[in-house]
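What follows is a single structure, written as C-alpha cells, with notes after it.
The values are calculated or read from the model by the stated rules, or taken from the named source; none is laboratory data. Given the structure is predicted, the values throughout are model-derived calculations rather than measurements. So basically every Cβ, Gly included, is an ideal-geometry build from the backbone, and we count neighbours across all protein chains shown.
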Amino acid sequence: MSWPERVAAALALRRKSQTLRVRTPVRQGCGRFLTRGEQRWRNFSSNDYLGLSQHPAVVAAWQEGARRYGVGSGGSGHITGYSEAHRRLELRLAQWLGYPRALLFISGFAANHAVISALAQRGDRFIADRLSHASLLEAVSQSQAELRRFAHNSTAALRHMLEKPCTGQRLVITEGVFSMDGDSAPLAAIAAPTREAGAWLLVDDAHGAGVTGEAGRGSCAQAGVTPELLIVTFGKAFGVSGAAVLCSEALADYLLQFARHLIYSTAMPPAQAQAISAALEILAGEEGETLRARLQDNIQRLRNGAAALPLAASPTAIQPLIVGDNAVALALADSLRERGFWVNAIRPPAVSPGSARLRLTLSAAHCPEDIDALLEALHVCCE
Ligand SMILES: *Cc1c(COP(=O)(O)O)cnc(C)c1O
C-alpha cells in the first residue's frame, strides 16, 4: 500500500466502525456550560471537576505571572526555563503530598512517558492494570521493559504475576481513579505485595488529585499509601494543564539526568506554574472543602436519580453510562446534545470493544438543577 492508500484505508476503517474521532471548536469548553458561537449546552464532558479553570484567583495569577515573567519560558528547565515560580510550585507540591521532591512536566502524558522510559531497562518487567491510561501502557510497550497487564483491580492476578521470577527490576503501575470507569484502585492491597516483592509502585492519580482524600491530597493519601512514584496532573481538578512527579531526592535527581522530556523540551511557562500554585492554594484550603462537598452532592444527586439507568458503579465525578454499541452511544450523545447537554460518546479503542459509553463528568460548577435536568433527559433518551 502506498502512503496515500494507507492513510485513506485507516480513515475508511474508522468511519465504517463508527470510531472516527472529530473535534469541535468551542468558545468555552470547561465550567458549567460549553459554548459554541451563540449556542450553549450544559457541560457534562470536561474534567474541570471543581470549576477552577474559571476561578478568578487562578485567572488573575496567570495574568500576573505573564506580566512578571512574560508568556514563555525560553527553554528547557536545564537552560533558562526553570523559574522561581516553578521552584515554588514544586516545593509546595512536595510539602502538600508529603514527598521529598516534585518535578514539573508539561503534561501527564509527557510525565508518564518520561518516567517510564527513563527507568526501563532490558530484562525489567512493568506490570500494569489492564485499564491503565494509554500514556502508561504505550510508554511501557515502547520501552525496553517487558509489559504485563493484570486484570482490572485484581490483586490476586497481580500477586500471581509478582511470584514469577524476573532477572531485572519490576514496576507495578496503576491509577488512583480510572479515567473511563471512575472506579478506584485498591491501593493498599496493591502496595503491600508490591513492596514484599521488592518492586516499585507508580500511581497515576490524574483523576484523584485535588478531588479525593483529606484536603484533596488524592487517592494515595486516602489509602495511606506512598508509592515510589506518584503522578498528579493539573488539567483536571486543578483546571489548568501540566503534571508533576512526586518521588525521593535520588529519583528526582535521576530523572533530571535521564527524563528526556525534561531535557529536550521547553519548560511550561512560569505564568502557568503561578496559576497552578493559585489553584493548589484553593484546593488545599477551605474553599477546596466547599467545592469538594458540592461535587459530592452532585454525584449523590445523579446516582440517587439514576436507579433505572445503566450507570456503572462509580463513586467519583466520572459517571459512565455503559451502552455497549458504538452507534447507540453516538445516537444517545446526539439526542442529548439536541436537548442542550454536552456529553461525549467514548468508543473503542479508548475503551474495550463492546463497552461504548457516555462518559458523564460532574463538577462543582454544576447546580442541582443541572443534574435534575440531565436525569430527566437521560430517562427520555434511554427509553
Ligand atoms: C488525562 C490523563 C493523563 C494525561 O494527562 P495530561 O496532562 O492530560 O496529558 C494521564 N493519565 C491519566 C490517568 C489521565 O486521565
- Task: Taking only segment 252-268 into account, find how many residues are farther than 19 Å from Gly108 by Cβ and either assigned to a loop (DSSP other than H, G, I, E, B) or in contact with a Lys or Arg (Cβ under 9 Å, 6 or more places away or on another chain) (or both).
- Result: 1
- Note on the structure: Considering segment 26-71, residues that are modelled with pLDDT of 95 or more and of a type in the set (Asp, Glu), and then whichever is nearest to Leu283 (Cα to Cα), we arrive at Asp48
- Task: Restricting attention to segment 223-233, report how many residues are crowded, with 24+ Cβ neighbours inside 10 Å, more than 10 Å from the ligand (Cβ to nearest atom) and of a type outside the set (A, V, I, L, M).
- Result: 1
- Which condition number does Val177 fail, the rest of (1) in contact with a helix residue (DSSP H, G or I) (Cβ under 9 Å, 6 or more places away or on another chain); (2) of a type outside the set (Gly, Ala, Ser); (3) more than 14 Å from the ligand (Cβ to nearest atom) being met? (3)
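Yes/no matrix, rows are residues, columns are (1) among the aliphatic types (A, V, I, L, M); (2) surrounded by fewer than 24 Cβ atoms within 10 Å (Cβ to Cβ); (3) away from the ligand (no atom under 11 Å from the Cβ):
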residue	(1), (2), (3)
Asp204	no, no, no
Glu214	no, yes, yes
Arg217	no, yes, yes
Ala221	yes, yes, yes
Gly235	no, yes, no
Ala244	yes, no, no
- Give me a count of the residues in segment 128-165 that are surrounded by 17 or more Cβ atoms within 10 Å (Cβ to Cβ), away from the ligand (no atom under 14 Å from the Cβ) and touching a residue at least 24 places away in the same chain (Cβ under 8 Å). 8
- Query: Which of the residues spanning segment 85-117 are assigned to a helix (DSSP H, G or I), among the aliphatic types (A, V, I, L, M), crowded, with 22+ Cβ neighbours inside 10 Å and away from the ligand (no atom under 13 Å from the Cβ)?
  - Reply: Ala85, Leu89, Leu93
- Query: Within segment 182-210, which residues are out of contact with any strand residue (DSSP E or B) (no Cβ under 6 Å at 6 or more places or on another chain) and touching a residue at least 60 places away in the same chain (Cβ under 8 Å)?
  - Reply: Asp183, Gly210
- Across segment 246-280, what is the total count of residues that are among the hydroxyl-bearing types (Ser, Thr, Tyr) and under 16 Å from Leu97 (Cα atoms)? 2
- Selection status of Gly239, surrounded by fewer than 24 Cβ atoms within 10 Å (Cβ to Cβ), modelled with pLDDT of 95 or more, under 19 Å from the mean Cα position of the chain (by Cα) and within 16 Å of the ligand (Cβ to nearest atom): no
